[in-house]
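Comments concern the structure below.
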Amino acid sequence: MKDNNWTITIDKFYSGIAPLAFTDSLTEIGGGGHASYMKNCNVIDGRITQGLGSTDLTNGTQAGAVDQLINFIMDEAVSSDTSYAIGTSKLFKISSTTVANSGGFPHTVTDMTDGQSVAKLGAYLYYFYNKASGGDIGRYDLSSTFTDGWGSATDSALQKNLHPVDTKEDIMTFGNGRYVGTYIGNTDTLTVQKLDFGSGSEVADVLFGNNQWYLAVNSGTTGRRKGQIYLWDAGALETVLADETGVGVQEIGFLTIINGVVWVAYKDESESGFAIGYISGRQIVPMARYTGTLPTFKQKTLYRGMIMFLSSGLVWTAGAIVPELPFQLSQLADGGYTTVGGIGSPFGTPMVASTQSTSYKISKLTGFTTDSEWQSIVFPLVGGQNKGFIDEITVLTKTLGENARCDISVLADQATSTGTANQITGTGVRRHRFTSLGLGQIEDFKIKLDWANGNSTNDCLIRKIIIKGHFVEG
């Protein structure tokens with residue numbers, strides 16, 4: 001502030017969602033780049049633009065090969081441009097552009113009612129699933145032979161439950177309800193009840209990293225559940241656990257590892273939404289919290305060095321693309337239809353499966369969506385008997401392409417008043433100045449950006465917003 005004038009600059013959009021936005025859309029806590037509300041916005045490099053759009057894979061709907069919700073998408077390619085996914089009753093073969101609809105795919109799995117996960121170990125693909133009673137593991141030789149009942153033929157004690165899985169060299173470790181199971185490839189030994197965590201327990205996720213297994217286990221059947229993360233010998237041969245980290249009376253959704261750091265998604269039933277944190281010694285260090293359903297082991301992937309996950313039908317990112325930027329939580333894209341299934345990035349570009357009524361699809365996240373909106377935190381302007389008056393807003397963008405557009409408006413006095421919507425647009429333009437804002441004296445304000453009238457090819461990327469005003473006696 002100089003004399004009676006004030007200036008507020010909004011930039012550093014990489015801050016993501018404001019710390020308390022999950023409880024208050026009118027929060028004043030945070031910096032100029034924090035959002036109090038965000039819908040499908042890309043802020044991860046410090047600027048803000050429209051979030052990712054989506055393109056259905058060829059044969060990727062009910063009109064092609066996908067006639068059911070795909071629950072799990074492998075997060076790696078099995079061979080050049082080839083990976084797999086599993087649905088309600090079928091095993092799918094996918095490439096970076098297409099869902100196979102010939103050559104034995106999609107493969108209908110005998111007795112399968114709920115596909116759980118897929119993993120490659122050695123020369124085989126293993127697919128975990130539930131049946132009307134119990135569970136099973138199928139095996140595919142990656143050529144022509146499917147053995148749908150491979151698991152039950154070897155060891156029939158498979159549960160009807162969650163079956164997260166991870167592999168390390170010739171070892172496959174998987175969740176089996178209250179048990180952790182293993183398959184040792186070099187001895188062809190399947191043991192589906194290697195570890196027992198007791199009645200009322202459920203293995204939520206399994207992860208290999210830092211030369212040990214991380215086993216996420218929830219206990220309790222109703223209300224608040226207790227989460228524990230156990231550390232287990234890398235050889236998966238011992239029956240004694242090495243160590244454990246407790247998250248208390250909080251349910252674990254997934255585990256994932258990035259650059260040696262193990263991240264955890266978990267929720268507290270007494271608080272809306274979920275938290276993301278990382279393991280440090282024997283504790284979980286929380287980094288961000290927001291509303292939404294707790295994502296599961298099927299709903300995570302890696303994107304630009306960050307965690308990408310699904311929650312409440314939406315695609316989120318958590319982390320930072322370079323170490324110099326702070327940790328952020330932001331909502332990047334829509335998941336598609338109302339009910340989402342799995343997410344994976346076997347070829348680098350994220351893919352999301354979803355369904356609504358009798359419609360199904362698997363789509364890759366590309367291009368730009370126009371269903372994007374962003375709102376800043378609230379900036380108070382009251383000082384004693386004074387109120388604020390906005391004189392002008394200047395927006396700095398990239399050099400805009402044809403039909404690129406974003407509408408900017410001011411929400412004032414605890415968002416009870418809305419100013420004039422001005423258009424940020426103009427081919428070749430980078431600086432946009434607005435003085436007709438449609439507001440008088442105000443007590444506080446926040447900025448709203450809306451790309452509904454934008455373009456899905458030429459995005460309207462914003463670098464900085466500068467708001468200038470003065471105080472008036474009110």
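The values are calculated or read from the model by the stated rules, or taken from the named source; none is laboratory data. Note that the structure is a prediction, hence the values are computed from the model and not measured. Don't worry about glycine lacking a Cβ; one is built from the backbone with ideal geometry, like all the others, and counts go over all protein chains shown.
The table below gives the values:
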{"read-out": "Set ARG289, ARG304: member being charged (D, E, K, R) and farther than 26 Å from ILE70 by Cβ", "value": "ARG289"}
{"read-out": "Count of residues meeting criterion [in contact (Cβ under 8 Å) with a residue 60 or more places away in the chain and more than 19 Å from PHE368 (Cβ to Cβ)] in the stretch 328-342", "value": "5"}
{"read-out": "Count - residues of the stretch 283-295 that are under 19 Å from THR355 (Cβ atoms) and either surrounded by 21 or more Cβ atoms within 10 Å (Cβ to Cβ) or over 13 Å from the mean Cα position of the chain (by Cα) (or both)", "value": "1"}
{"read-out": "Matching entry among ILE73, ILE94, ILE48 (being modelled with pLDDT of 95 or more, buried (at least 19 other Cβ atoms within 10 Å of the Cβ) and under 17 Å from the mean Cα position of the chain (by Cα))", "value": "ILE73"}
{"read-out": "Members of the stretch 410-451 that are within 28 Å of ILE29 (Cβ to Cβ), among the small types (Gly, Ala, Ser) and surrounded by fewer than 20 Cβ atoms within 10 Å (Cβ to Cβ)", "value": "ALA415, SER417, ALA421, GLY438, GLY440"}
{"read-out": "Residues located in the stretch 150-162, provided they are assigned to a loop (DSSP other than H, G, I, E, B), closer than 18 Å to ALA119 by Cβ and touching a strand residue (DSSP E or B) at 6+ places or on another chain (Cβ under 6 Å)", "value": "ASP155, LEU158, GLN159, LEU162"}
{"read-out": "Residue count for the stretch 426-452, restricted to those that are closer than 26 Å to LYS387 by Cα and among the hydroxyl-bearing types (Ser, Thr, Tyr)", "value": "2"}
{"read-out": "Number of the condition not met by TYR84 [criteria: (1) over 17 Å from GLY344 (Cα atoms); (2) crowded, with 24+ Cβ neighbours inside 10 Å]", "value": "(1)"}
{"read-out": "Residues of the stretch 228-258 classified as at pLDDT 90 or above and under 23 Å from the mean Cα position of the chain (by Cα), total", "value": "10"}
{"read-out": "ASP67 being part of a loop (DSSP other than H, G, I, E, B), charged (D, E, K, R) and modelled with pLDDT of 95 or more", "value": "yes"}
{"read-out": "Pair list, Cβ < 6 Å and 6+ apart or interchain, from the stretch 355-371 residues that are closer than 19 Å to LEU52 by Cα and touching a residue at least 24 places away in the same chain (Cβ under 8 Å) to residues that are crowded, with 23+ Cβ neighbours inside 10 Å and aromatic (Phe, Trp, Tyr)", "value": "THR370/TRP451"}
{"read-out": "Candidates GLY122, GLY33, GLY64, GLY115, filtered to the one that is in contact with a Lys or Arg (Cβ under 6 Å, 6 or more places away or on another chain) and among the small types (Gly, Ala, Ser)", "value": "GLY33"}
{"read-out": "Residues within the stretch 317-340 that are not in a strand (DSSP E or B) and not charged (D, E, K, R), tallied", "value": "11"}
{"read-out": "Cross-chain or 6+ apart pairs with Cβ under 9 Å, the stretch 158-176 first and assigned by TED's automatic domain parsing to the domain that holds GLU202 and acidic (Asp, Glu), then modelled with pLDDT of 95 or more and part of a loop (DSSP other than H, G, I, E, B)", "value": "ASP170/GLY122"}
